[in-house]
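Single-structure report; data block below.
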């Protein structure tokens, strides 16, 4: 799934940060690194800090513009702690991860970019305007500026967690549907109109036996709330209506 | 809440990592740093990488043993990716964060330590055995070894997220209890015994009108499942039993 996700670093000043980013990416299962106008690359310091992620540096794609790096992307998300005078649509990192994993699950051809600005200044307004969303890491108001590789680590970690949670839900779902196949009689829920039909019949019976009168305006409301909460399926509603019909004949 | 949480680094080799840890801590709202036998501290490199978190370095407590650093702690959690031959009780970082925040909420005097081993080797078995739990960051199996400051960043981020989620739940709860006070008629749920009384009466009525016979063994089960799911409160159950009584008189 993560082969559709690229990490883009813009005008990175310290090559060590590029190395740290590569390691952090590989730790979370990512591999596609784009570098827009890095100051120094390749660099020994980058390789030293990349640890066992030298392969990511070796395959990194260097471009001359953000434009070029995101050209084929369907979703572009820019990490930035700074609020803008014209607020950009924003998502917290965790929600962004959930959205992107959902998106990739629905469309395995979607191309996604996470963009990180220069270390000191972050994303410029112009760069952010190329993003669909600003992604915010909920940091302490006392010190919101995370180191580049740290921000990248949190973002990729959240993507990995969202992916793992998606996997376990998919597994659960298929296990549940297996269970349902074996021993269940899960039926479709009754529609709103079917419920209304039931309430009319119930009301009519209760008036017939004088249980429902003018002095009990709340009673039907309470019964509605109760049966709506139970949200019967079609089979259950048929049983209930069968009982009402039998009772109407009896009284 | 986070003043009860300390970060302990054991035998850190590179002073730069201590600086990066201080910054990552402050970014997430933490301040208490313990250093067990650091190779070089204080150090210029630490200060350079700490950014605006120089105060954390200035207040850092240096000790000669892990023992000393955790002496007054109620919970000690050790970050480690390595599986041990004798498996230690373990928690994923997110679950550990939730547990700790819950713990601090219940007992604001609890002292908590998160312990990080030496960069190359991580926590030794002897060090881990001083911890109540091993905390695991779900990294990619291809490269599980995170940089020290990155692991610290994820752990403190998860604690912060758990804390923020706790805050918003507390707020929600108090808003809901406000709502309930204003316009609710939430009643106590019916007990198991009260539900059984209802089922006996219902069964008796259904036999009376010959709706429930020997050819319908599943019918009562379905009705039980339906009414159990609705989980009526005492008022609702009284209404239902009132209806049954009125019907029994009528038929």
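The values are calculated or read from the model by the stated rules, or taken from the named source; none is laboratory data. Note that this is a predicted model, so its numbers are computed, not measured. Positions of Cβ are generated from backbone atoms using ideal geometry, with glycine treated the same way; all protein chains shown enter the neighbour counts.
Scan region A:207-221 residue by residue and report those that are within 15 Å of residue B:238 (Cβ to Cβ) and either modelled with pLDDT of 85 or more or touching a strand residue (DSSP E or B) at 6+ places or on another chain (Cβ under 8 Å) (or both). Within region A:207-221, A:211, A:219 qualify. Is at least one residue of region A:129-140 surrounded by fewer than 18 Cβ atoms within 10 Å (Cβ to Cβ), within 7 Å of another protein chain (Cβ to nearest Cβ) and assigned to a helix (DSSP H, G or I)? Taking every residue of region A:129-140 in turn, none turns out to be surrounded by fewer than 18 Cβ atoms within 10 Å (Cβ to Cβ), within 7 Å of another protein chain (Cβ to nearest Cβ) and assigned to a helix (DSSP H, G or I).
A single entry from A:80, A:65 fulfils the requirement of being away from every other protein chain (no Cβ under 14 Å), free of Cβ contacts under 8 Å to residues at least 60 places away in the same chain and closer than 22 Å to residue A:99 by Cβ: A:80. Answer with yes or no whether residue B:37 is away from chain A (no Cβ under 14 Å) and loosely packed, with under 14 Cβ neighbours inside 10 Å. Judged against the criteria, residue B:37 is not a match. Test residue A:46 against the stated conditions and say whether it is buried (at least 16 other Cβ atoms within 10 Å of the Cβ) and in contact with a strand residue (DSSP E or B) (Cβ under 9 Å, 6 or more places away or on another chain). No; evaluated as a whole, the condition is false for this residue. Are any residues in region A:213-224 surrounded by 13 or more Cβ atoms within 10 Å (Cβ to Cβ) and either facing chain B (nearest Cβ under 7 Å) or closer than 17 Å to residue A:197 by Cα (or both), and if so, which ones? Within region A:213-224, A:219, A:220, A:222, A:223, A:224 qualify.
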